[in-house]
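Take a look at the structure set out below.
The values are calculated or read from the model by the stated rules, or taken from the named source; none is laboratory data. This is a predicted model, so every value here is computed, not measured. All Cβ positions, even for glycine, are placed from backbone atoms using ideal geometry, and neighbour counts span all protein chains on display. Side chains included, ligands, DNA and RNA excluded: accessible areas come from the protein's heavy atoms. Shrake-Rupley method; radii C 1.70, N 1.55, O 1.52, S 1.80 Å.
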Amino acid sequence: MSAGSSAEKITLFGVAVDNLTLPETLDRIEQLIRSGGVHQHVVLNVDKIVRMERDAALRAAVLECDLINADGQPVVWVSRLFGQPLKERVTGIDLFEQLMERCAARGLRPYLLGAREAVVARAVAVLQARYPRLRLAGWRSGYWAEGEEVAVVEHIRQARPDLLCVAMGSPRQELFLHRWKQQLELPFLMGVGGSFDVVAGVVRRAPLWMQRAGLEWLFRLAQEPRRLWRRYLVDDMAFFRLVWREWRRR
Ligand code: UDP
C-alpha cells in the first residue's frame, strides 16, 4: 500500500485501473522495463470503455495489460461517484512526453511507430531537439501494405528497443500490440494515440484551463466537428448508460 493508504487498483467497468499519479507511473514503467519480461500499458478513457462493451478483442487486449492508467476527467469523476477516487487522470500525451524525458535521462531506447511518415519524422526531430540525450532504437510510420506487418514487427524486434510507443489510434494500436507482443519480445509496449501529431505540431492541444476543467473533448470537437460530433454523442450516451448500470449494480 502506498503512503496515504489510497487503493492501488480501482475496478471500473470490470477493469482494474492502477491508481497512480504521472510521476508514480513513470517509476513503475522504469521498474517494468528493468524487470524484463513483456508488459503492455493502456490508458482507459470514455471511448475505450464504450468500445470494449461491443468489441471482445479490444476487451481482451485491455484486460491483459499490466499497467492501466485512467485518462479523461469523466473517468475520474465516475471513480469518485463510486466512492473509490482515482488520484488523478494520466493522459496519454503527458505520459508520452514525460516518458521521453525519462528515457533521455536514463539511457533507455524507445522505438516510435505510427502516424504518417512526415509526421513521425517531425516528431522525432522535435523530441531530439527537446531532449538532446534521447537515443531512439528506431522509428517508422504507421502505414503499411497488407502482408508487410510481419516484416515491420521483425524490424522492430531486431532494433532491440527498451520500449515501443505505437501511435496508430485506438483500437488499432491496442490490437496490434496484443497480436504481436510475444513475437516482439520487448519489456514495455504502449499505445500513445495521436501523440506524434501533437508533438509534431500537426494537432493542437486544448489550453490548460480547458484540460483542467475536463473540457479537452470540447476543444477537439471544435477542431474536427464533422469527424467527431457523432462519436462524442454516441459515446457519451453509451457511457451514461454504462455508468447508470454500474451504479445500480453497486
Ligand atoms: N494512424 C496510423 N496508421 C493507421 C491509421 C492511423 O499510424 O493505419 C495514425 C494517424 O496518422 C494518427 C494517429 O494514428 O497519427 C491517430 O489517428 P486517428 O486520429 O485516426 O485516431 P483516432 O483519433 O481515431 O483514435
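The table below gives the values:
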{"item": "Amide proton proximity set for H39, modelled H, under 5 Å, gap of 5+", "result": "F188, L189"}
{"item": "Calculated from backbone phi, Karplus (6.51, -1.76, 1.60) coupling profile of the stretch 225-231 in Hz, x at Gly/Pro", "result": "x, 4, 6, 9, 4, 5, 4"}
{"item": "Long-range amide H partners of G114 with built H, under 5 Å", "result": "R140, S141, G142, A167"}
{"item": "Share of carbon and sulfur in the accessible heavy-atom surface of the chain [1.4 Å probe, %]", "result": "53 percent"}
{"item": "Probe 1.4 Å, all protein chains present, accessible-area order of T91, T21, T11, largest first", "result": "T11, T21, T91"}
{"item": "F239 - accessible surface, heavy atoms, 1.4 Å probe, Å² rounded to 10", "result": "20 Å²"}
{"item": "Percent antiparallel among DSSP beta bridges (both partners in the chain, rounded to 5)", "result": "15 percent"}
{"item": "For the chain: accessible area per residue (Å², 1.4 Å)", "result": "50 Å²"}
{"item": "Eligible lysines near K87 by straight Cα distance, threshold 19 Å, same-chain separation 8 or greater", "result": "K9"}
{"item": "Rounded to whole Hz, the Karplus (6.51, -1.76, 1.60) HN-Hα couplings of the stretch 188-201, x for glycine and proline", "result": "9, 10, 8, x, 10, x, x, 4, 5, 4, 5, 4, 6, x"}
{"item": "Inter-probe distance in nm under a simple model that places probes 7 Å from Cα toward Cβ, at W144 and Q84", "result": "3.8 nm"}
{"item": "Span from the the stretch 175-227 Cα centroid across to the the stretch 72-140 one, whole angstrom", "result": "9 Å"}
{"item": "Test item: Cα-centred dipole of the chain, Lys/Arg +1 and Asp/Glu -1 on Cβ, debye", "result": "440 debye"}
{"item": "Placed amide H near A137: partners under 5 Å, 5+ positions off or other chain", "result": "Y111"}
{"item": "Folded to 0 to 90 degrees: helix 117-130 orientation relative to the chain principal axis, Cα", "result": "90 degrees"}
